[in-house]
Each structure stands twice: as structure tokens, then as C-alpha cells.
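What follows draws every value from the coordinates through simple rules; no lab data is involved. From a predicted model like this one, the values you see are computed outputs, not experimental measurements. Positions of Cβ are backbone-derived with ideal geometry, glycine not excepted, and every protein chain shown enters the neighbour counts.
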Amino acid sequence: MSARRPRIAFLGECMIELYHRPGDEPGTMRRTVGGDTLNAAVYCRRALGDTGAAEVHYVTRVGDDPFGLDIPSFIESEGVEAGHVEIAKGETTGLYAISRDEKGERSFSYWRSTSAARRLFAQGRDETLEAELEGFDGLVYSGISLAILAPESRERLLALAGRMKAAGRIVAFDGNYRPRLWASKDEAAETIARAHANASLSLPGLDDEQALYGDADARGAVGRLLSLGATSAIVKSGGEPALLGDASGLREIAGVSAPAIVDTTSAGDSFNGATLAALLSGGTLERAAEAGHRMASTVIGEYGAIVSRETTWWADGPLATATA
């Protein structure tokens, strides 16, 4: 009998994404699907290619509105398992719109206050889901995953992450600090620090860590994350070298020049996805960070959070090249 493939669960909020693409008629908005952990799940699955190294699952709740009803089939079309996507009767799906400046940097407008995903792990719910996830080989979530939840639900998610880390599972966490989602900066800083402490791999962006904790540079951020209890950390700095740290010390992983930069919406998410794919395929942490850079460098050359498959799907692409 063949060994069971490892299963990794990406957990968070999946939303409808609206964006205007230059060249379209004024006022025209394109519609797709996005969300930080969903983006990472899709790019993880693409980076795994046909290797069969792992099963990638997505965990969320969406409304039974027409938008939400379309989401499971979209997820499955990317090869991501949607068996843990709950269609919540009478609830709504979150939505966001992207605006960009001339450098490709983006800003967001959100309609998510009543999103069905906010009731993940709500009191009296999801005991079965928790038990199932605890049997997975990996869990991936973010500061956004935590921010949208009620305090008691956050506690359940943090406790789950802590148990999985203690059991030797992959627990990856990206702080993804979004001030508007938190009651206060202090609440965000305390909660996100606890999540980093429960992580086997912290994957934050330097700008988020500096905004919350005032780190002088990536070296300071990595040192703080390891001191909190993270087993390893990769701090991302856009196209600059990422700084990796674990018990072996600190190492810089050089960035990859992007052919073009038109939209940075999913740069960090795609980095995370390819990094985790490399680790699931047996790559070292260094090779994983190289795969992350390569994936992000292609993704920012197209519009939208989840770009065309052709951009990131080829036999000798980011993962194969970085882990050879």
C-alpha cells in the first residue's frame, strides 16, 4: 500500500475581488476570487505541479449568495480541495475592490463586515472541523485569518495551532497586519505575537513587523520572532533579499528580478505558497525561499491576486528550478 500523501490546510477568508484593468472601458470592473490564504493555497498547488507531493485543502465559510456559490468550483478548478468550504445559509460572502497607483502598489476597499468567514470557530461550532484539522500535516493561516474572528474564535484557532506545532506538524503563519481589521494596534500586536510563537515557520513581511513592533531591520525582526518561539522564520522585504533564520543562524536569500511589475497584490501570498510547496517536496528552507522569490517575481507581472495559470505553471518553473 502506498503511503498517504501529507495534507496541508490553508485557512482564512475567501472573497470576491473586483479590479479595473488598464485598457478596459472606464467603469469596467473584472471579477475574480481572492484572499491572502486562498492565494497562497493556489500558488502552493501550482508549484507542486504533478508531483503529488501533498494534498492542498482550503478551509473557510462563504455565503449562499451567487458569489459564494461559485467559490467551491473555482477552488477545485485549481486543484485545491474544497471539502472544508462551508456554504452558510442566509449569510454573505466578503468582497473587495483594488485600486493601484502608477508603480503597481495597491490599496483596497472592503465590504466584509458580515462575511460568513467571520463565524469560523464561533462558540458552539466547528468542533468536528477542529478535530479533522488537528489530524492534518500542516496548517497555514494569517493575521487576517485571526483579525476577522471574534476573540473566543481566535483563541480556538491559536490553541489549534499550538497543539499542531507541539505534535511536530507544519504551522505556517504570515502576520499580514491590516490596521482596519483590528480594534487597536495593541490588540493586533499581542495576538500576532502569540501566533508567531505557535509557528514552526513565520512568514511575515518586514513592513508589517515594523509597523507593529518597530523592528529596525529584517535581522531584528527575525531575532524577535525566534525569541518568541517560532522554530524558523523567513522575513520578506519585497524584491530585496529575504532573511531566513532558525537554530542554524541567519542567511540571506537573494531576490529574483521581475520581468515587469504591474500589480503587487499577491506577491507575499505567492511567495508563501511556493515556499511551502518546496518544503512539502523535501526542499531545504533555503531552497524553499528561493522558490518563493521565483514565484512572486512572475505573479507581480500580471493583474489580480490569482494570475493566469500559464504564468506560474510549467514543468521547469519556480519550484523545479529552485529545488533542483
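One table, with the values for the structure above:
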{"read-out": "FRET E, pair A254, A150, Förster distance 41 Å, beta-carbon r, rounded to 0.05", "value": "0.50"}
{"read-out": "Dipole moment magnitude, nearest 20 debye, segment 215-261 about Cα centre, only Lys, Arg, Asp, Glu C-beta charged", "value": "60 debye"}
{"read-out": "Global geometry of segment 1-111, whether rounded, prolate or oblate, following the gyration tensor of its Cα atoms and the 1.5 cut on a/c", "value": "oblate"}
{"read-out": "Three-way shape label, the chain, alpha-carbon gyration tensor, a/c 1.5", "value": "rounded"}
{"read-out": "Relative contact order of segment 39-160, pairs being alpha-carbon contacts under 8 Å that are 6 or more residues apart, as %", "value": "20 percent"}
{"read-out": "Candidate aspartates and glutamates - alpha carbon under 17 Å from K165, same-chain residues fewer than 8 apart omitted", "value": "E130, E132, E134, D137, E155, D174, D246"}
{"read-out": "Mean Cβ count within 10 Å, highest first, over the residues of peptides 19-26, 88-95", "value": "88-95, 19-26"}
{"read-out": "Of G52, G63, G301, the one that fluctuates the most in a GNM where the chain has Cα springs shorter than 10 Å", "value": "G52"}
{"read-out": "Total charge dipole magnitude, the chain, about the Cα centre, Cβ charges on Lys, Arg, Asp, Glu only, Debye to nearest 20", "value": "360 debye"}
{"read-out": "For the chain, built as a Gaussian network whose Cα springs stay under 10 Å, the top-fluctuating residue of T312, T28, T275", "value": "T28"}
{"read-out": "Relative contact order computed over segment 245-305 (Cα-Cα under 8 Å; 6+ residues apart), in percent", "value": "48 percent"}
{"read-out": "Taking the chain and dividing mean pair separation by its residue count, relative contact order in percent (alpha carbons under 8 Å, at least six apart)", "value": "17 percent"}
{"read-out": "Top of Y303, Y141, Y43 by mean-square fluctuation, Gaussian network on the chain, Cα under 10 Å", "value": "Y303"}
{"read-out": "Gain upon complete extension [R4, S73; 0.36 nm per residue less C-alpha separation]", "value": "22.4 nm"}
{"read-out": "In Hz, Karplus ³J(HN,Hα) per residue of segment 253-266 (6.51, -1.76, 1.60; θ = phi - 60°; x = Gly, Pro)", "value": "10, 4, x, 10, 4, 8, x, 7, 10, 10, 7, 8, 3, 10"}
{"read-out": "Farthest toward positive dipole pole in the chain [+1 Lys/Arg, -1 Asp/Glu at C-beta], among A197, G27, F10", "value": "A197"}
{"read-out": "Segment R163-E130, length gained on full extension (0.36 nm per residue, minus Cα span)", "value": "10.8 nm"}
{"read-out": "Cα gyration tensor shape for segment 188-324, rounded if a/c is under 1.5, else prolate or oblate", "value": "prolate"}
